[in-house]
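First comes the structure, then the notes that go with it.
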Amino acid sequence: MTTGIASAPLSTVINEYVSTNVVPFVDRERTSAFSARTLVLASAPAVDELKYRKLIDLAVQYGARLLALKRRDIVSVNQKWCQVSEALAGSINRGNETESYWRNKNLYVRRISKRSSGSSTFLPSLTEIACQFSGGSSLLITINEMEHMARFDVVEAKGKTGYCLDGLDYDLALSQVFSLLKEIEGV
């Protein structure tokens, strides 16, 4: 029984499809069918899985959220980091608010304090601590004193990637989290 359609053997059809639609990876003579972006992404170094497993363990241990920073977040963290680390020591009084800067060893600190409603004393409301790991990564710790919450923003050495640990309870020993981050960043 014939259907009237001539058919080629299956192996011939497969070979023709492969020869016209598949770019051999090893053949360097042919022009690449991949875009420049795909080639750059393929040549990028692999993700350090051990590092991110340690970060996930750290987040789970301290009840924090581990988040990747977007490009605009990285720019924002870099701006805050520069503001804190490059400011001259001293304080600025703005009526009901005081902004203080100081340095403690390799940590740069910015604290905003607000006047309490019933007295003339200033209570801390926000503390930002900036430092740089010896591997080149920058760390910005933001402590919301009123809500007793802390956030650790880390921007990798080249400034293209970063992550944060958000929602850390301020009552935790933040120095322990800082020490573990130093260990994870390879200091």
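The values are calculated or read from the model by the stated rules, or taken from the named source; none is laboratory data. Every value quoted in this text rests on a predicted model; they were computed, and no experiment measured them. Note: ideal-geometry Cβ built from the backbone for every residue, glycine included; neighbour counts use all protein chains shown. Ligands, DNA and RNA are excluded from the accessible area calculation, which covers all protein heavy atoms including side chains. Shrake-Rupley method; radii C 1.70, N 1.55, O 1.52, S 1.80 Å.
Amide H to amide H, which residues 5 or more places from THR161 or on other chains are under 5 Å from it, using H placed in the peptide plane?
Sorted by chain and number, the residues that satisfy this are GLU156.
With the crude spin-label approximation of a point 7 Å out along Cα→Cβ, what separation in nm comes out for ASN144 versus ASP169?
Label at ASN144, label at ASP169, 1.7 nm between them.
Is the shape of the range 84-187 best called rounded, prolate or oblate, per the rule: a/c under 1.5 gives rounded, else a/b larger than b/c gives prolate, else oblate, with a ≥ b ≥ c the square roots of the Cα gyration tensor eigenvalues?
prolate
Quick one: accessible area per residue over the range 53-156, 1.4 Å probe, rounded to a whole number of Å²?
59
How far apart, in nanometres, would the label points at VAL75 and LYS54 be if each is projected 7 angstrom from Cα along the Cα-to-Cβ direction?
Computed distance between label sites VAL75 and LYS54 equals 3.1 nm.
Within 10 Å, count the other beta carbons around each residue, average over each peptide in 112-124, 136-148, 77-89, and list them highest first.
136-148, 77-89, 112-124
GLN61 to SER125: extension gain in nm, 0.36 nm per residue of separation minus the Cα-Cα distance?
The GLN61-SER125 span can extend by a further 20.4 nm.
Run the simple label-point estimate for LYS114 and LYS158 please: 7 Å along Cα→C-beta, distance reported in nm.
Between LYS114 and LYS158, the label points sit 4.2 nm apart.
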